[in-house]
Structure formats: structure tokens, C-alpha cells
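> A single structure is presented below for examination.
Just so you know, all these numbers are worked out from the coordinates, no wet-lab data involved. In this text the structure is predicted, and so the values were computed from the model without any measurement. We place every Cβ from the backbone using ideal geometry, glycine too, and count neighbours over all the protein chains shown.
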Amino acid sequence: MAIGSTMHTFSVHLADVDRGVYDELSLRLARHPSETASYLLLRVLAYALEYEEGIGVSEGVAATDEPAVFVRDATGRLTAWIEVGAPDAGRLHAGSRAAGRVAVYTQREPGRLLQAWSGKTIHRAADIPLYSFDRDFVEDAASGLERRNTVTVSVTERQLYLDVNGRSSSSPIMEQRVG
């Protein structure tokens, strides 16, 4: 945990009908002083939406050589590199070379990110999905975060239903390709 970080706990009830994944998750995430509540919640969402055996989280904005969320197989080999926010093209390129699968979850305007990455070298860019949500969805949901959080994440037909500490909202999960 980085100096000055605040620890947040999340009890996540996950029901992803699209993938057939149902589980109760417990997360403890350190929130760096420079990390926004939206970025913190986006890490939780990426973890839940990508949940599978071997998944883990890094230190978030404090992690310089790891993705926000990752998946390792039983041997410890990195199989998925999941970024959140607005990573630069170099991080996507490195992640795509290091892992078999890369994904990006953003609370930002996806068109601007795609434009920023346009013309940059990104290994297997056409295979990298960029997931986004309705404008202000993540920011509005993040306004209800506390140090201890109860979160329900339900997904059906690419529609995300989210409850954060009793405050409900929903958004489609939109997908574009980086390349």
C-alpha cells in the first residue's frame, strides 16, 4: 500500500448472466491520494466484469509496470492484462506483448481515447476491446463510495445494473476495438 493511501473494502455480489458467472467477491483496494473515486470504482467494475480464476488487482495508479487488473494461470503466467481509465498506447502495447488477452475499461469519452491511440504502435490492437458506459455513469455511481462498500453488479444482454451502497443505476456496456 502506498504511503497516504486509504484502504477501501468492497463486498461484491456478482451476477453476470451473459457469462454465467455468479459469485460473492471480497476486495480490499488501496486508494492512492491522486486516485479519483471514479477510477477506484472502475477498477472494481473491471475486476467484476472480467472475474475468473486467477484474477488479481494491482496498486492502481501507483502501479507503474502492472495493469490495474490481471489474470494469471496456475503456473503464474500472465494471461490477461486489463487496464482502466485512459492508459497510453505504450502500456497497451506492452500489455498486449505480455499477455494473451488485453482489455480496457474507461469512464472517459471512448472516441477521444481511440483518437489518441490512432497511428501509435499497439501490438494486436484490433484484438483489444475498449469498454465504456453511459456518460457520467461511473462518476455518478462513484459519488456513493465509502471506506466499506456493498456493491451489486448484474449483467444481462450487455446491460450493467449497479448498486453501490443502496444507490442504483444502469448503463449499457459499449464495446469498440482499439485498432
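> Could you work out the Rg to Rh ratio of the chain, with Rh taken as the Kirkwood radius (inverse of the mean 1/r over all Cα pairs)?
0.94
> Rounded to the nearest 0.05, what FRET efficiency do T36 and S118 have when you use their Cβ-Cβ distance and R0 = 25 Å?
Step by step, r from the Cβ atoms, then E = 0.45.
> Based only on the alpha carbon positions, what is the Kirkwood hydrodynamic radius of the stretch 22-102, in angstrom?
13.0
> Once R0 is set to 41 Å, what does the formula 1/(1 + (r/R0)^6) return for the Cβ-Cβ distance between E139 and D73, expressed as a FRET efficiency to the nearest 0.05?
With a Förster radius of 41 Å, E is 0.75.
> Still on this model: Averaging the inverse of every distinct alpha carbon separation and then flipping it gives the Kirkwood radius. What is it for the stretch 37-77, in angstrom units?
10.7
> Taking Cα atoms, how many degrees apart are the long axis of helix 37-49 and the longest axis of the chain, rounded to 10 and kept between 0 and 90?
80
> By how many degrees, between 0 and 90 and to the nearest 10, does the Cα long axis of helix 89-98 differ from the longest principal axis of the chain?
90
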